Amino acid sequence: SLLHPYFLDLKLYDTACDNAQGLKAFYDAIKYGPNHLMVFGGVCPSVTSIIAESLKGWNLVQLSFAATTPVLADKKKYPYFFRTVPSDNAVNPAIVKSLKHFKWKRVGTLTQDIQRFSEVRNDLTGELEDSAIQTADTESFSNDPCISVKKLKGNDVRIIIGQFDEHMAAKVFCCAFDEDMYGSKYQWIIPGWYQALWWQQANTSTCSTKNLLTAMEGYIGVDFEPLSTKQIKTISGRTPQQYEKEYNEKRAGVEPSKFHGYAYDGIWVIAKTLHRALEYLYSSKQRQRIQDFNYTDHKLGKIFLDAMNETNFFGVTGQVVFRNGERMGTIKFTQLQDGKKVKVGEYKAVADSLELINDTIRFQGAEPPKDETFIIMQRRQIHLPLYSILSTITIIGMIMASTFLFFNIKNRNQKMIKMSSPYMNNLIILGGMLSYASIFLFGLDGSFVSANTFETLCTVRTWILTVGYTTAFGAMFAKTWRVHAIFKNVKMKKKIIKDQKLLIIVGGMLLIDLCILICWQIVDPLKRTVEEYNLEPDPAGRDVAIRPFLEHCENTHMTIWLGIVHAYKGLLMLFGCFLAWETRNVSIPALNDSKYIGMSVYNVGIMCIIGAAVSFLTRDQPNVQFCIVALVIIFCSTITLCLVFVPKLITLRTNPDAATQNRRFQFTHNQKKEDSKTSTSVTSVNQASTSRLEGLQLENHRLRMKITELDKDLEEVTMQLQ
């Protein structure tokens, strides 16, 4: 009734999927057959493309129901070609839509080196780029896909879009199994047109069927929908379900074709096109008839072309609409679940909509896989309990230092304190407290302060520790030097070395420090740098990776500046150790701390060397490094303060009168010196030995005379110290 009084007369020509035979059949139909209005068919891509390219010269419109090759989408080359079946490229918008739905922004492609698949891959790349989806890696293979699969894994590709036939698919999933590229972390999207149970026939790899199914589980197949699922009547008056039932009844055991619905709708497209052409000829009151068409009739050929472009009806395969000759069809998504294909959704190209069937799609994990390894940046920071413990110890040390400072100031006029240079003692305490304070700053990192504040702390803590070290060690150095200068030259002219001179020595050391620090700050200041380490698995087992990072205080020429500072401090340390060694045998109550200062110099030197070495070796372990640095500072500062002040506290506590006793001292000189004197010993008088009393009295008299001489030397030393 649609074409009454006309009917469609199909003339069959077999191309045998051979280019030469196909061209011969086409030209024979043109030369010997009746005037054909259209060409219906074309299954083999090569034959179809050759014939379609020559249609314009014959003013013939071709409609194919099975040629899916993307090459035929080129309207400049094939302007008279249409197809009711979607192109292989039609799955790409559907894939992109699904990627957006699951919020996958990073994918990789794996393509078999065949033109059909390469064309689809090239079109997909453009679609992905237009949708701002990153193609992290593009791999292709000819026979062995394992190398490409390894590269995808190496580039951390989680969402893999594959284009390959079922024979290669078995090899691909075998490689995926070997590389552990399956399960909750990965999602494979491959063609959905493979035959049922394709892995049983296609598996020629070394994998067992069990391993292959394990790797394949959950893959998503994408293919065009052979028949619409809507239960509404089509242009033929049948629903798609009624049509399918009738088709199965009539094929009588013949193997079904996935294109039968598109062939059926194709006949209706031709009928609607001719019907529309008839209406146009009638409405335009032209005397030309359809049966007057010939291959040189460009005008009527153009009418057929325009009429087919206007096709729009609901057929058994869905809404039949052309856009630039391409069918805007329906794409279905299937998923392999427990070895069976399950339909999970469909994409309608006309509406550009994706519809997922509720609760049918299943992922291996609790949620869709992530499109890449989600990296959590984790700071290697100083643990708060460790910082709290060391800070508490530091506070106790500062309280102790404050106690010593109070004691030193309160008793500064006591002769014992006065003889030990209270001003130098104050500097030692100040240096110790500055060193203690630097511990608080060394323990602050990005978990406590901002990046800008951390960068400021880099400079501040360096200055505080450097100045504190120089102040404390400089004062000890100056006092040791004075003892050395006096007693290693006892035969020379007596020297007057006052505290003001010692202050100048300490000030000079601080001035050198300031010069170095200022130049360092101006030329190459310390800045915050971040060192990142290799990825580590999440201890909690989540699908994330941990990338540890550590903040450092560094600059461009860090080694040079540290070398300058360490060389300067090292020379002072060596000289201080030398002076301490030279004065090790000096023991004078008036200079009651010279021996203890020497011990402090030794301890500070040894601990600084050990601390610097261990700190350098543990720079990647902030807790260990902070603990070592803090303990070295605490130990050095505490042992120095205790050696200098605890003996004074004990003396004043147990013997308050000792501060005024200045009539006794012992001086022992190195035996290697030429001016050394023979030591004498005094023993108590044995009242029971009366026979020796007279000799002892004479010895006692001689020793008293010696004491008188030494008293004079003591007075001279006291004058120098004051």
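Values as computed for the structure displayed
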| read-out | value |
| --- | --- |
| Extreme residue, farthest from the chain's Cα centre (by Cα), among residues of the range 230-278 that are surrounded by 19 or more Cβ atoms within 10 Å (Cβ to Cβ) and assigned to a loop (DSSP other than H, G, I, E, B) | THR234 |
| Residue match in the range 58-76 (condition: of a type in the set (Gly, Ala, Ser) and part of a helix (DSSP H, G or I)) | yes |
| Residue that is in contact (Cβ under 8 Å) with a residue 12 or more places away in the chain and assigned to a helix (DSSP H, G or I), where the choices are LEU99, LEU110 | LEU99 |
| Neighbours by Cβ (under 6 Å, 6+ apart or cross-chain): first from the range 380-396, at negative phi; second of a type in the set (A, V, I, L, M, F, W, C) and not in a helix (DSSP H, G or I) | ARG380/LEU550 |
| Test: PHE304 is within 23 Å of PHE65 (Cβ to Cβ), at pLDDT below 90 and crowded, with 17+ Cβ neighbours inside 10 Å | no |
| Output for the range 344-366, where each listed residue is more than 25 Å from the chain's Cα centre (by Cα) and either of a type in the set (A, V, I, L, M) or at pLDDT below 90 (or both) | VAL344, ALA349, VAL350, ALA351, LEU354, LEU356, ILE357, ASN358, ASP359, THR360, ILE361, GLN364 |
| ARG412 vs. criteria basic (Lys, Arg) and under 30 Å from GLN62 (Cα atoms) | no |
| All positions within the range 151-174 that are in contact with a Ser or Thr (Cβ under 8 Å, 6 or more places away or on another chain) and either closer than 21 Å to SER208 by Cα or among the hydrophobic types (A, V, I, L, M, F, W, C) (or both) | ILE160, ILE161, PHE164, HIS167, ALA170, LYS171, CYS174 |
| Among the residues listed as ALA136, ALA132, the single one being of a type in the set (Gly, Ala, Ser), in the same structural domain as ILE190 (by TED's automatic domain parsing), out of contact with any Phe, Trp or Tyr (no Cβ under 7 Å at 6 or more places or on another chain) and part of a loop (DSSP other than H, G, I, E, B) | ALA132 |
| Failed item, numbered, when ASP123 is tested on (1) in a helix (DSSP H, G or I); (2) in the same structural domain as ILE189 (by TED's automatic domain parsing); (3) surrounded by fewer than 19 Cβ atoms within 10 Å (Cβ to Cβ) | (3) |
| Qualifying residue in the range 376-391 (condition: of a type in the set (S, T, N, Q) and under 30 Å from TRP198 (Cβ atoms)) | no |
| ALA16 being touching a Lys or Arg at 6+ places or on another chain (Cβ under 9 Å) and among the aliphatic types (A, V, I, L, M) | no |
| Number of positions in the range 294-329 that are part of a helix (DSSP H, G or I) and either of a type in the set (D, E, K, R) or under 38 Å from the mean Cα position of the chain (by Cα) (or both) | 3 |
| Pairs, first farther than 13 Å from GLN414 by Cα in the range 647-661, second part of a helix (DSSP H, G or I) and modelled with pLDDT of 50 or more, C-beta under 9 Å, six or more apart | PRO647/TYR596 |
| Complete set of residues in the range 349-380 that are within 25 Å of PRO86 (Cβ to Cβ) and in contact with a helix residue (DSSP H, G or I) (Cβ under 9 Å, 6 or more places away or on another chain) | ALA349, ASP352, SER353, LEU354, LEU356 |
| Filter result (closer than 19 Å to PRO86 by Cα and either surrounded by fewer than 19 Cβ atoms within 10 Å (Cβ to Cβ) or β-branched (Val, Ile, Thr) (or both)) within the range 54-66 | VAL61 |
| Subset tally (residues that are in a loop (DSSP other than H, G, I, E, B) and either among the β-branched types (Val, Ile, Thr) or not assigned by TED's automatic domain parsing to the domain that holds MET216 (or both)) for the range 330-366 | 4 |
| Residues (assigned to a loop (DSSP other than H, G, I, E, B) and either surrounded by 16 or more Cβ atoms within 10 Å (Cβ to Cβ) or polar (S, T, N, Q) (or both)) located in the range 367-409 | PRO368, PRO369, LYS370, ASP371, GLU372, THR373, ARG380, GLN381, ILE382 |
| Conditions (1) assigned by TED's automatic domain parsing to the domain that holds PHE473; (2) surrounded by 15 or more Cβ atoms within 10 Å (Cβ to Cβ); (3) at pLDDT 85 or above; number of the one not met by GLY611 | (3) |
| Selected residue (criterion: farthest from ASP543 (Cα to Cα)) from residues of the range 367-409 that are within 27 Å of the chain's Cα centre (by Cα) and of a type in the set (S, T, N, Q) | GLN381 |
| Any hit, the range 189-199, residues being within 24 Å of SER257 (Cα to Cα) and assigned to a helix (DSSP H, G or I) | yes |
| Residue match in the range 6-20 (condition: acidic (Asp, Glu) and surrounded by 13 or more Cβ atoms within 10 Å (Cβ to Cβ)) | yes |
| Pick from the range 708-722, criterion surrounded by 13 or more Cβ atoms within 10 Å (Cβ to Cβ) and of a type in the set (A, V, I, L, M), ranking: modelled with the highest pLDDT | LEU710 |
| Criterion: of a type in the set (Gly, Ala, Ser), surrounded by fewer than 18 Cβ atoms within 10 Å (Cβ to Cβ), assigned to a helix (DSSP H, G or I) and modelled with pLDDT of 80 or more - qualifying residue of GLY508, GLY474 | GLY508 |
| Pick from the range 246-267, criterion touching a strand residue (DSSP E or B) at 6+ places or on another chain (Cβ under 9 Å) and among the aliphatic types (A, V, I, L, M), ranking: farthest from THR317 (Cα to Cα) | ILE267 |
| Yes/no for ASP28 being of a type in the set (Asp, Glu) and outside the structural domain of LEU274 (by TED's automatic domain parsing) | no |
| Long-range neighbours under 8 Å by Cβ, at least six apart or interchain, first residue under 23 Å from ALA451 (Cβ atoms) and free of Cβ contacts under 8 Å to residues at least 60 places away in the same chain within the range 508-536, second among the β-branched types (Val, Ile, Thr) and not in a helix (DSSP H, G or I) | ASP524/THR556 |
| Members of the range 536-583 found to be at pLDDT below 85, outside any helix (DSSP H, G or I) and touching a helix residue (DSSP H, G or I) at 6+ places or on another chain (Cβ under 6 Å), listed by number | THR583 |
| Residue count, the range 44-67 (criterion: of a type outside the set (Gly, Ala, Ser), on the phi < 0 side of the Ramachandran plot and in contact (Cβ under 8 Å) with a residue 40 or more places away in the chain) | 6 |
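The values are calculated or read from the model by the stated rules, or taken from the named source; none is laboratory data. What you see is a predicted model, and the numbers here were worked out from it, not measured in a lab. Quick reminder, even Gly has a Cβ in these numbers, built from the backbone with ideal geometry, and neighbours come from all protein chains shown.
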